[in-house]
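K.L.:
To start, I am sharing the structure in question, which I have written as structure tokens.
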Amino acid sequence: MDFVIPARFCGPPESGNGGWTSGHAARLVATTSDHPAVTVRLRTPPPLDRPLGVTHEGGVVRVSDGDHLVLEAFAAERPSAEGAPAPVAFDVAVAAGDRYEGDVDHPFPTCFACGTGREPEDGLRLRPGRVEGGDGAYAAAWTPGDDVDVETVWAALDCPGGWSSGFAGRPMVLGTVTAVVDELPEPGVPHVVMAWQRGAEGRKTFSGTSLHAPDGRVLGRAEATWISVDPTAVRPAGALT
């Protein structure tokens, strides 16, 4: 079985968006009522536009590029809601986007989810910004397109967490993410992604995100670990050999 990440769904120019890639891997994992979420550990930047190998062993899905392990995915418990801020209204999220740090300096402007160099019809163009009076919470306004799917939701739950964790001035890539999508958002309807920092340790920063319907319902939730990097060195392992 092959696993392919189309170039459209890149993060850095030469590798896959961590959220979209993880959501694609999540489709291959058998979840249960006790473990309805999926954890994905990204081991190396995912390469684009070429078939990757997939193996299943002991409930763990592994995706590899030849001898290079790209990611591991397995069923997990639902992400915690601890510390999650209350959702804000869509217009408040739009206003938060006026404070999007990526407009000033974005290390990966090609990013499918939050890149400033993508056309609205091609990328999500999320603009997560700090909520005024929100105790550090970030919000992003999002109106999903007709092609919204599980991978798209994982991508939307991805990047806002990085920006809430200090991505501006400290480039990071997704290391590990645990997410659950309970319901796909309705196309053409305004939604809000909330994001907040959950702590830091050395090069690692921890975030939480949640996707909300117009009535405030949680449609999906994620918690992630981010790793600070040199953005010029983010390349698939095969490209470094």
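The values are calculated or read from the model by the stated rules, or taken from the named source; none is laboratory data. Note that the structure is a prediction, hence the values are computed from the model and not measured. Here the Cβ positions follow ideal geometry from the backbone for every residue, glycine too, while neighbour counts run over all protein chains shown. Note: areas computed on protein heavy atoms with side chains; ligands, DNA, RNA excluded. Shrake-Rupley method; radii C 1.70, N 1.55, O 1.52, S 1.80 Å.
K.L.:
Karplus couplings for the stretch 186-194 from phi (6.51 cos²θ - 1.76 cosθ + 1.60, θ = phi - 60°), rounded to Hz, Gly and Pro as x?
P.N.:
3J(HN,Hα) across the stretch 186-194, in whole Hz: 7, x, x, 10, x, 10, 10, 9, 9.
K.L.:
For the chain, find the longest principal axis of its Cα atoms and tell me its angle to the long axis of helix 150-164, 0 to 90°, nearest 10.
P.N.:
60 degrees
K.L.:
Could you work out, for the chain, what percent of all Cα-Cα pairs fall into each 5 Å distance bin, beginning at 0 Å and stopping at the bin that holds the largest distance?
P.N.:
1, 7, 15, 21, 21, 18, 11, 5, 1, 0
K.L.:
Residue separation times 0.36 nm, minus the C-alpha to C-alpha distance between residue 7 and residue 105: what's the value? Don't skip to the end; give the middle numbers.
P.N.:
Details: separation 98, 0.36 × 98 = 35.28 nm, distance 2.28 nm.
Additional length available on full extension: 33.0 nm.
K.L.:
On average, how much accessible surface per residue is there in the stretch 159-241, in Å², for a 1.4 Å probe, leaving out ligands, DNA and RNA? Numbers along the way, then the final one.
P.N.:
Values: 3290 Å² over 83 residues.
The answer is 40 Å² per residue.
K.L.:
Something else: Would you mind calculating the gained length between residue 227 and residue 170 on full extension (0.36 nm times residue separation, minus the Cα-Cα distance), in nm to one decimal? Don't skip to the end; give the middle numbers.
P.N.:
Details: separation 57, 0.36 × 57 = 20.52 nm, distance 0.96 nm.
Taking 0.36 nm per residue and subtracting the Cα distance, the gain is 19.6 nm.
K.L.:
Can you tell me the dipole magnitude for the chain around its Cα centre, using point charges on the Cβ only (Lys, Arg +1; Asp, Glu -1), in Debye to the nearest 20?
P.N.:
Details: 19 positive and 32 negative charges, 121 e Å.
Its charge dipole is roughly 580 debye.
K.L.:
In the Gaussian network model of the chain, springs joining C-alpha atoms below 10 Å, which of 195, 139, 84 carries the largest mean-square fluctuation?
P.N.:
Of 195, 139, 84, the most mobile in the Gaussian network model is 84.
K.L.:
Could you work out how far apart the two model spin labels at residue 182 and residue 33 are, taking each label as a point 7 Å from the Cα in the direction of the beta carbon, and quote it in nm?
P.N.:
1.6 nm
K.L.:
Residue by residue through the stretch 109-123, which ³J(HN,Hα) values in whole Hz follow from phi under the Karplus form 6.51 cos²θ - 1.76 cosθ + 1.60 (θ = phi - 60°), with glycine and proline marked x?
P.N.:
Here the 3J(HN,Hα) series is x, 7, 4, 4, 8, 10, x, 7, x, 9, 6, x, 7, 9, x Hz.
K.L.:
What number comes out for accessible area per residue over the stretch 63-139 if the probe is 1.4 Å? Units Å², please.
P.N.:
On the way: 3860 Å² over 77 residues.
Value for the stretch 63-139: 50 Å² per residue.
K.L.:
Let me ask something else about it. Starting from the amide H of residue 137, placed 1.01 Å from N in the peptide plane, find each other amide H under 5 Å away whose residue is 5 or more places distant or on another chain.
P.N.:
Long-range HN contacts for residue 137: 131.
K.L.:
Hey, another quick one. Once neighbouring chains are kept in place and the probe is 1.4 Å, which whole percent of the accessible area of the stretch 1-117 is contributed by carbon and sulfur? Mind dumping the intermediate values first?
P.N.:
On the way: 2790 of 5500 Å².
Carbon with sulfur: 51 percent of the solvent-accessible area.
K.L.:
At 1.4 Å probe size, with no ligands or nucleic acids counted, give the accessible surface of residue 180 in Å², nearest ten.
P.N.:
10 Å²
K.L.:
Now a separate question. I'd like the carbon and sulfur percentage of the solvent accessible area for the stretch 124-169, probe radius 1.4 Å, heavy atoms only, ligands and nucleic acids excluded.
P.N.:
Values: 610 of 1530 Å².
In the stretch 124-169, the share of accessible area belonging to carbon and sulfur is 39 percent.
K.L.:
Still on this structure, please answer the following. Among 162, 59, 97, whose mean-square fluctuation peaks in a Gaussian network model of the chain (Cα, cutoff 10 Å)?
P.N.:
Answer for the Gaussian network model of the chain: 59.
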